[in-house]
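A short write-up of the structure that comes next.
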Amino acid sequence: MKQIYEFEDFRADPSEQLLLHDGQPVALTPKVFETLLILLESDGRLIDKEDFISRLWPGVFVEDVALAKNISHLRRILADGKNGTEMIQTVPKRGYRFAVPVRKVVDPPPDHSGPGDPAEVIPPKTKTRSRMVWAIALLLLVASSAGAFLLLRHKRPVFTEKDTVVLADFTNTTGDPVFDGTLRQGLAVQLEQSPFLNLISEEQMQQALSLMGRPADTRITPAVAREICERTASAAVLEGSIASLGSQYVLGLRAKDCRSGALLAEEQGHAATKEEVLNALGQIASRFRTRVGESLATVEEHNKPLAEATTRSLEALKAYSTGWKVNASAGEAAALPLFKRAVEIDPQFAMAYAALGVMYSTNAEPALAVESASKAYALRDRVSDKERYFIDAYYDGRVTGNQEKAQQTCETWARTYPREPAPHTFLAGFIYPASGKYEQAVAEANKAVELEPDSAVGYVELVSNYAALNQLGESESALHRASDRKLDNPILTLLRYDLAFLKPDKAEMNGAARLAQGRSDAEDGIADHQAFVLAYSGHLREARKMSQHAVALALQAAHPERAAMFETAAALREGFFGNAASARHSALAARALTTDREVEYGAAFALALAGDSSDSQVLASDLGTRFPEDTSVRFSYLPSLRARLALSRGDSSQAIALLQAATPYELGEPRSYLQGFFGALYPVYVRGQAYLAAKRGPEAAGEFQKILDHRGIVFSDPIGALARLQLARAYALSGDKTRSKAAYQDFLALWKDADPDIPILRQAKVEYAKLQ
């Protein structure tokens, strides 16, 4: 006899770890079932969080979020609250209570019937028939212990769509090192085709290893994987193995409960030759997916053979898998050579080209990123469905620049793979910000963090998009959350510096700058941002030195495109401040390093500011020809450039008309801002200048005020400082002498220690003196 718990329409059998709803099995993992049992056994008493965690994970440090995740899964399984009944009550800051009556019954019930007992009122034939049915049922149950009963258990899904699993390194007893790491990566690619299964990412692995006090290159043995599994509140560990049997290979895959070690599911296969190992691995993965609960329909829909989804070369796959592991622990620069090696071995390896594109983009080498992304796109028929979404979205976002098309791809991607963070990071990182949809970007970044809390990317996007909304408190909170998780990312360091600039907090700025010192992935970038800040207050000579330092660091690290970005930013500062010769010199120096799209735009704009309309027009025409689909080119770069050139010709009306195309995107962050920290709100600034030229003071004031109202977009771009001066001019043009004087004073106070020979400063002082 065994104890059974009954509540509402549910029946829980602890001995079989089985939950029935209206007689039908309910899919849930052992850990979630154990969570339910603790609640059922509590007799409605409050269970303290610490007590709950110690019973679920004895002897292991686990954060509250792991328990909350189990409770959340359980609520979904029980449809808690949908019928107006709250089964699991949360007591804030304390714990949980099971709030509905629980009946404890014994199954089968003992026969205590005697004379006069209710059982005697059953008609003899009915009672005999009932006993016969019960006896037959028992007989069938015993006789079919390897049949019908186990079939029922086999049909019960091992995992649910909310579970995460940890993939351990393969146990390789063949003596051939080519299988080390390679089979794990191959299996991950195959299993990640599934919209049902959810593997812990490399970033989450690295974060768990850090908390465990283990080095980043720790081998993920089954024992280590089990500890990671418990720390991440995952459902199970997947253990793979490969062994030699004569000239053949035997492969195995087992899913085990991460606490008890109980076997949940397993598959086995063999390969006649080394070359057939990847095919055998793919076949095992397909069978395993259906065994653990995925529908046959989705397996058939998303099941590209492994050799087609990755590469036929074990050596190329080994380099690729090692590249992702190095990227998670040491960053993009360290991983680049491994992805290069993968495509050298197999020039048809689409995802290796896609990985190269991401690495180059993160290292601010956009031309190389475009080249790699284009190769991946040409080979996109050689990847899984999930990876094709990635390649398509990245290609449109990076190569064609068509953010509208990239958005459509990402939205479909997110619907098909609802637990994949990448489409949300794309939407939050460069698609929604391009059109100024920062609220939507924040929502997507929050989804990315929810899905992958140990990846820095989501926090970077939260910090940036909250800043764009002028929600600096939320922005700093996201920065602290990343710091609390010990997430190290060079962009987070830059954002810390930029947020400190907005406060302003010089001590915090200096602290961020010190963090970047000596880091090849951050030192040149922080020097570039320091140059922006110096120029913002008119310290142009020091800004020039800092820019050249950033350029030198980038060239020393063999990153010419990064150096070109820094030169472009310097050219724009000189142009805005009225130093035409210096602007031309830096613009041409940048163009000599690369033909990148963003550099071409920045150089063209600097040349237009410097009065070099002919060369600027050539570059503008080239942008329009080369990138006809590009959202930033169409709605930011070209309208701004053409309007600036129209102003050079004295045609303010045409300038205003040309900028109409930019209006829906004017508060957005074009790619030049994401790559080089320049270009945001340039259409607004040029429109303000056009209104000034047209003697329309109030409209001009409105444009420059937009810039001052969006400091979290502009940060230390020179237009943020010059908007004060331009606002003073707009008020003067409107006849508002009082407000004009106040705006001049604001600008001159900001530039009180500025280099005295800056042309626009000398001009501002003359204008202000005339108001006295």
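Report, by chain and number, residues whose modeled amide H sits under 5 Å from the one on LEU167, excluding near sequence neighbours (fewer than 5 apart, same chain).
When sequence neighbours closer than 5 places are left aside, the close amide H contacts are ILE200, LEU238.
Using only the heavy atoms of the protein chains and a 1.4 Å probe, how would GLU34, GLU300 rank by accessible area, largest first?
Working: GLU34 45, GLU300 130 Å².
From most accessible down to least: GLU300, GLU34.
What does the highest-first list of 720-726, 609-615 look like by mean Cβ count within 10 Å? Can you show the working numbers first?
Details: 720-726: 23.3, 609-615: 17.4.
Output ranking for 720-726, 609-615: 720-726, 609-615.
Using the Cα centre as the reference, give the magnitude of the dipole from point charges on the C-beta atoms of the chain (Lys, Arg: +1; Asp, Glu: -1; all else neutral), rounded to the nearest 20 debye.
Its charge dipole is roughly 1020 debye.
Report the per residue volume, in Å³, of the convex hull enclosing the C-alpha atoms of the range 232-279. It would help to have the intermediate numbers written out before the result.
Details: hull volume 4.0 nm³, N = 48.
So the per-residue Cα hull volume is 82 Å³.
What pairs from LYS69/LYS340; LYS545/LYS770; LYS162/LYS486; LYS162/LYS274; LYS69/LYS256 go past 29 Å between their alpha carbons?
Numbers: LYS69/LYS340 39 Å; LYS545/LYS770 34 Å; LYS162/LYS486 26 Å; LYS162/LYS274 36 Å; LYS69/LYS256 20 Å.
From the list (LYS69/LYS340; LYS545/LYS770; LYS162/LYS486; LYS162/LYS274; LYS69/LYS256), the Cα-Cα distance tops 29 Å for LYS69/LYS340; LYS545/LYS770; LYS162/LYS274.
Convert each backbone phi in the range 674-688 into a coupling constant with the Karplus relation 6.51 cos²θ - 1.76 cosθ + 1.60 (shift: θ = phi - 60°), then list the ³J(HN,Hα) values in order as whole Hz, x for Gly and Pro.
Going residue by residue, I get 5, 8, x, 6, 9, x, 5, 6, 5, x, 5, 4, 5, 5, x Hz, with x marking Gly and Pro.
HIS270's amide H: which non-local residues (gap 5+, or another chain) put their own amide H closer than 5 Å, with H modeled 1.01 Å from N in plane and none for Pro or chain starts?
LEU251
I'd like the accessible area for TYR466, computed on protein heavy atoms only with a 1.4 Å probe and all protein chains in place. Round to 10 Å², please.
So the heavy atoms of TYR466 present about 30 Å² to solvent.
Take each of the peptides 368-381, 487-500, average the number of other beta-carbon atoms within 10 Å over its residues, and list them starting from the highest.
Packing proxy ranking, top to bottom: 487-500, 368-381.
Leaving out ligands and nucleic acids, and using a 1.4 Å probe, what accessible area per residue does the chain come to in Å²? Write down the numbers at each step before the final one.
On the way: 32350 Å² over 772 residues.
Counting only protein heavy atoms, the per-residue value for the chain is 42 Å².
Strictly under 4.7 angstrom between C-beta atoms: which cysteines of the chain have no such partner?
Cys with no partner Cβ under 4.7 Å: CYS410.
Using the Cα gyration tensor of the chain, with a ≥ b ≥ c the square roots of its eigenvalues, what is the shape: rounded (a/c below 1.5), prolate (a/b larger than b/c) or oblate (neither)?
Values: a/c = 2.77, a/b = 1.97, b/c = 1.41.
Prolate is the answer for the chain, as a/c is 1.5 or above and a/b outweighs b/c.
So how do 91-103, 435-447 stack up, highest first, on mean other-Cβ count within 10 Å?
Details: 91-103: 13.7, 435-447: 21.1.
Ranked from most to least packed, the peptides come out as 435-447, 91-103.
Rounded to the nearest 500, what is the chain's calculated 222 nm mean residue ellipticity when only DSSP H runs of at least 4 contribute -39500 (n - 2.57) each, over all residues?
Values: 38 runs with 454 residues, N = 772.
Taken over the chain, the calculation gives -18000 deg cm²/dmol.
Once you sort the root eigenvalues of the Cα gyration tensor of the range 525-603 as a ≥ b ≥ c, which label holds: rounded (a/c under 1.5), prolate (a/b larger than b/c) or oblate (the other case)?
On the way: a/c = 2.01, a/b = 1.18, b/c = 1.70.
Here the range 525-603 falls in the oblate category.
Considering Cα pairs under 8 angstrom that are at least six residues apart, work out the relative contact order of the chain and quote it in whole percent. Please report the intermediate quantities before stating the final value.
Values: 1275 pairs, mean separation 56.0, N = 772.
Contact order relative to length: 7 percent.
Restricting the calculation to Cα positions, tell me the Rg (one decimal) and the Dmax (whole number) of the range 194-263 in Å.
13.8, 42
Once neighbouring chains are kept in place and the probe is 1.4 Å, which whole percent of the accessible area of the chain is contributed by carbon and sulfur? Numbers along the way, then the final one.
Numbers: 16960 of 32350 Å².
Exposed carbon and sulfur together represent 52 percent of the surface.
What spacing in nm lies between the two simple spin-label points modelled at ARG762 and VAL178, each 7 Å away from Cα in the Cβ direction?
7.1 nm
Can you compute the FRET efficiency between ALA742 and ASP505 using 1/(1 + (r/R0)^6), with r the Cβ-Cβ distance and R0 = 30 Å? Round to the nearest 0.05.
Values: r = 26 Å, r/R0 = 0.85.
The value I calculate is 0.70.
With charges only on Cβ, +1 for K and R and -1 for D and E, what is the dipole size of the range 255-352 about its Cα centre, in debye, rounded to 20? Working shown, then result.
Details: 12 positive and 13 negative charges, 58 e Å.
So the magnitude is around 280 debye.
Once a ≥ b ≥ c are taken as the square roots of the eigenvalues of the Cα gyration tensor of the range 361-407, is the result rounded (a/c under 1.5), prolate (a/b larger than b/c) or oblate (a/b not larger than b/c)?
Working: a/c = 2.01, a/b = 1.30, b/c = 1.55.
It is oblate, given that a/c is not under 1.5 and a/b is not larger than b/c.
Might you report the magnitude of the Cβ-based charge dipole of the range 381-451 about its Cα centre, with Lys and Arg at +1 and Asp and Glu at -1, to the nearest 20 debye?
Numbers: 9 positive and 11 negative charges, 12 e Å.
Once rounded to the nearest 20, the dipole reads 60 debye.
Given H placed on each backbone N at 1.01 Å, which residues far from GLY44 in sequence or on other chains put an amide H within less than 5 Å of it?
Correct list: PHE98.
The values are calculated or read from the model by the stated rules, or taken from the named source; none is laboratory data. The model shown is predicted, which means the values in this text are computed figures rather than measured ones. Methodologically, a virtual Cβ is constructed for each residue, glycine included, from the backbone with ideal geometry; neighbour enumeration extends over all protein chains shown. The protein model used for the area step is the full one, side chains on, heavy atoms only, and it has no ligands, DNA or RNA in it. Shrake-Rupley method; radii C 1.70, N 1.55, O 1.52, S 1.80 Å.
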